[in-house]
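Structure first, then comments.
Bear in mind these aren't lab numbers, they're just calculated from the coordinates by the rules spelled out. On a predicted model such as this, the values are computed, not experimentally measured, just so you know. Cβ placement follows ideal geometry from the backbone for every residue including glycine, while neighbour counts extend to all protein chains displayed.
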Amino acid sequence: MSAHTTRGLRFLGHSDQGGRPDGLQVMVHRGYAYVAHPWSQGFSIVDVREPTRPRTVNYAAAPANTWSIHLQTHDNLLLVVHALDLFSDASFVDERTYYTRSVGETVGRSRVRNWSAGMAIYDLSQPEQPRQIGFFPVDGVGVHRIWYTGGRWAYLSALLEGYTDYILLIVDLQDPTRPVEAGRFALPGMHAAAGETPTWPQDKRYALHHAVVDGDTAYACWRDGGLSILNVANRQAPSLISHRNWSPPYGGGTHSALPLPSRQLLLVADEAVLDEQQDGLKLTWVFDIRDPANPISIATLPTPADQDYVRKGGHFGPHNLHENRPGSFVSDTLVFATYQNAGIRVFDISDAYQPREVASYVPVDPVHMVDKRPGRPAVIQSADLFVDARGLVYATDSNAGLSILEFTG
């Protein structure tokens, strides 16, 4: 398999994930890649111990009408989201509906519950054969994403009955076979059942994508609601340290945070969510967080400009960041990111005021489309990536399989 463009990243291998080439979040754990599917539902397991010859070894189907697009691995646990499969739902055929309206409002309260909602918990003692040992149910649309790096607490974005959209839910996993809620946090205006009314424009979504937690601090991205820095030392009662929102004038979509605590920096990526930049230029911001109560943006990562990606079609702009998870590649100067139709990008932020791109890889376009929505352009849409301790990059695509690369920069 060849690439359209490559610089500083060497192609090693590729997997179509057992004929299910669509992937969203990927975790690599003890030599196995766990790939969540946006269209094929469920997740696949790929043996990547020989990165030039990845081998799909298992597939776990999601329940009917359910997507499992995000997952987390640590120690002997695999945590998998369950939610209504929104992109197979007639209400969300036009992706603009998903990104510009409250999901709770669109789904509605009267809908017959024919999907699974919550978080499935698996034992990974046998990495090729995960065994479900627990389930944390929720009473709404379901769970979107999880942050878990071991220990007692998991941090979920969940859409519960009575809320307009996804909020932060903290789950106690002291006994992973019997998970229980510890606490929750929502922005003002989100708790409709308590009589709160939205404070944001009708065409915006205030919804937690996910929070990344470092120690007792959570960095939460709220799509059109910007960034919150939270004190979660008391897991039963998270409290706000600061909140910043730059939408408007910028186009929202705040998606992924990457704290660099040794340098008191925070990166925040705004997701490009509409084709041909219809939602405007999206950026990845560099914040100085020496004073967490007053985060200040000091720079942005350079936007890929080696070809006309807007004209190429599909989404162009930031999506996910490698999150420096324990046991993976950890750096306070190198940032690995997916830029959708611009592929995988690596940035050097040694000088936080002048970040520069040092590597890129744009895979070939998909052989065939798995995306079920009509009229989607057949272009690369690099979705997520994981960098292991050796510097190997595992990158998913919405339709084009798993690429394994080596950072040579």
- line: Along region 115-129, Karplus-curve 3J(HN,Hα) (6.51, -1.76, 1.60; θ = phi - 60°) to the nearest Hz, with x for Gly and Pro, reads 9, 9, 10, x, 10, 8, 10, 10, 8, 10, 4, 10, x, 7, 9
- request: Subtracting the Cα-Cα distance from 0.36 nm times the residue separation, let me have the gained length for Arg53 to Phe11 in nm, one decimal.
  value: 13.9 nm
Residues Met119, Met27, Met190, sorted so that the one with the fewest Cβ neighbours within 10 Å comes first: Met27, Met190, Met119
Mean residue ellipticity (222 nm) of the chain, computed from DSSP H runs ≥ 4 via -39,500 (n - 2.57), nearest 500: -500 deg cm²/dmol
message: For a quick check: sort Val138, Val107, Val112 by the number of other beta carbons within 10 angstrom, fewest at the front.
response: Val112, Val107, Val138
task: When a/c is below 1.5 the answer is rounded, else prolate if a/b is larger than b/c, else oblate, so apply that to the chain with a ≥ b ≥ c taken from the square roots of the Cα gyration tensor eigenvalues.
output: rounded
Cβ-based exposure ranking for Phe336, Phe347, in which fewest neighbours within 10 Å come first: Phe347, Phe336
statement: The set of residues whose placed amide H lies less than 5 Å from the amide H of Ile241, leaving out same-chain residues fewer than 5 positions away, is Ile229, Leu230, Asn231
task: Please say if region 182-268 is rounded, prolate or oblate, where rounded means a/c under 1.5 for a ≥ b ≥ c the square roots of the C-alpha gyration tensor eigenvalues, and otherwise the choice is prolate for a/b larger than b/c and oblate otherwise?
output: oblate
